[in-house]
1. With axes computed from alpha carbons, what is the tilt in degrees of helix 73-82 against the longest principal axis of the chain, rounded to the nearest 10 within 0 to 90?
2. In Å and on Cα atoms, what radius of gyration and Dmax does the chain show?
3. If I build a Gaussian network model for the chain, linking alpha-carbon pairs within less than 10 angstrom, which residue out of Asp95, Asp11, Asp70 has the largest mean-square fluctuation?
4. May I ask you to evaluate 6.51 cos²θ - 1.76 cosθ + 1.60, the Karplus curve with θ = phi - 60°, for each residue of the range 83-93 and list the ³J(HN,Hα) values in order in whole Hz, giving x for glycine and proline?
5. Using helices alone, what [θ] at 222 nm do you get for the chain, with -39,500 (n - 2.57) per DSSP H run of 4 or more residues, divided over all residues and rounded to the nearest 500?
6. If you count only protein heavy atoms with a 1.4 Å probe, what accessible area per residue comes out for the chain, rounded to a whole Å²?
7. In the chain, if the dipole is taken from +1 on Lys/Arg beta carbons and -1 on Asp/Glu beta carbons about the Cα centre, which of Asn50, Tyr61, Thr23 is farthest to the positive end?
8. In a GNM of the chain with a 10 Å cut-off on Cα contacts, which of Gly33, Gly52, Gly25 has the highest mean-square fluctuation?
Amino acid sequence: MQGTFTQRIWDLALTIPEGRVTTYGALAKAAGGGGQAARSVSSILGKFPNQGVIPWHRIVYAGGKVWITDACAKSRRELYEREGIYVNEKGIIQDFEEVFYDFHD
């Protein structure tokens, strides 16, 4: 994959299929980053020129923990439901291993 690490993160994030999720770490690794690169993914994605196309809900923490605040809870949960992804009351994706996307599928 060509381009800078930032460009590779952007390009890969846009390929996460509907109904699947990946982690910050898997995204960083697929883009060629090292062990600490996952920490920079959110910041890199935040600089993407067209924020409306980044599938933020498909990028989750290790183990399937999702990022949901009170302000976005309803819309986020609707996105997951629409894609057939069940998130429990603790904010963990049920059957995470089944919906995990590692860019090698």
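1. 90 degrees
2. Cα-based Rg and Dmax for the chain come out at 13.2, 40 Å.
3. Among Asp95, Asp11, Asp70, the largest GNM mean-square fluctuation belongs to Asp70.
4. Coupling constants for the range 83-93: 9, x, 10, 9, 10, 6, 5, 8, x, 10, 6 Hz.
5. Details: 5 runs with 38 residues, N = 105.
Dividing the helical sum by the residues of the chain leaves -9500 deg cm²/dmol.
6. On the way: 6250 Å² over 105 residues.
Result: 60 Å² of accessible area for each residue.
7. Asn50
8. The residue with the greatest mean-square fluctuation here is Gly52.
The values are calculated or read from the model by the stated rules, or taken from the named source; none is laboratory data. Note that the coordinates shown come from a computational prediction; the quantities given were computed from them, not determined experimentally. Cβ atoms come from the backbone with ideal geometry, glycine included; neighbour counts cover every protein chain shown. When the accessible area is computed, the model is the full protein with side chains, heavy atoms only, and any ligands, DNA or RNA have been set aside. Shrake-Rupley method; radii C 1.70, N 1.55, O 1.52, S 1.80 Å.
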